[in-house]
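The values are calculated or read from the model by the stated rules, or taken from the named source; none is laboratory data. This is a predicted model, so every value here is computed, not measured. All Cβ positions, glycine included, derive from the backbone under ideal geometry; neighbour counts span all protein chains shown. To get the accessible areas, we keep the full protein, side chains included, count just its heavy atoms, and leave off ligands, DNA and RNA. Shrake-Rupley method; radii C 1.70, N 1.55, O 1.52, S 1.80 Å.
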Amino acid sequence: QVQLVESGGGLVQPGGSLRLSCAASGNIGRIYDMGWYRQVPGEQRELVAAITSGGNTNYKDSVKGRFSISRDNVKNMVYLQMNNLQPEDTAVYFCNADVMSVPYSRRRLYWGQGTQITVSS
């Protein structure tokens with residue numbers, strides 16, 4: 001099995017910054033794409049940022065220039081640096097990873113449990 005655990009959420013004032021971390025552990029053979037999604041009640045989960053194993057990145061338009069995704073392929077970690085946070089960024093943030101597990105070389109998407117970010121004065 002593979003587990004993803006997020007950390008770093010919380011309450012922040014508008015204009016503030018937070019850094020999310022996500023650690024992947026377990027029977028990991030290889031991690032392909034990793035990403036951050038967010039969801040607010042009553043709405044679909046949406047992609048915020050994604051990063052390939054080679055470091056290519058993709059962002060939701062509304063976070064471009066404010067958020068930055070990065071990863072550490074040795075530590076099996078993915079990060080989301082969020083600057084100039086706004087109330088509309090309030091959501092539960094989830095990390096995900098496309099993982100091939102061992103020993104049976106099964107590949108699937110895994111999700112973390114989510115971490116709440118609230119942007120409010």
- request: Mind ranking 3-14, 53-64, 89-100, 70-81 by how tightly packed they are, going by the mean number of other C-beta atoms within 10 angstrom, highest first?
  value: 89-100, 70-81, 3-14, 53-64
Spacing of the two label points (7 Å from each Cα toward its C-beta) at N73 and Y32, in nm: 1.5
field: 5 Å binning of all Cα-Cα separations within region 29-73, expressed as whole percents from 0 upward
entry: 5, 22, 27, 21, 15, 7, 3, 0
message: Highest mean first, how do 104-110, 114-120, 32-38 rank when packing is the count of other Cβ atoms within 10 Å averaged over residues?
response: 32-38, 114-120, 104-110
- prompt: Hey, rough spin-label estimate for A23 and Q1, points 7 angstrom out along Cα→Cβ, what's it come to in nanometres?
  reply: 1.7
- request: Hey, can you find the accessible area per residue of the chain for me, probe 1.4 Å, expressed in square angstrom?
  value: 53
- request: State the percentage of accessible surface on the chain attributable to carbon and sulfur atoms; use a 1.4 Å probe and exclude ligands, DNA and RNA.
  value: 46
message: How are the alpha carbon pair distances in region 49-120 distributed across 5 Å bins from zero to the largest one, expressed in percent?
response: 3, 13, 21, 25, 18, 10, 5, 3, 1, 0
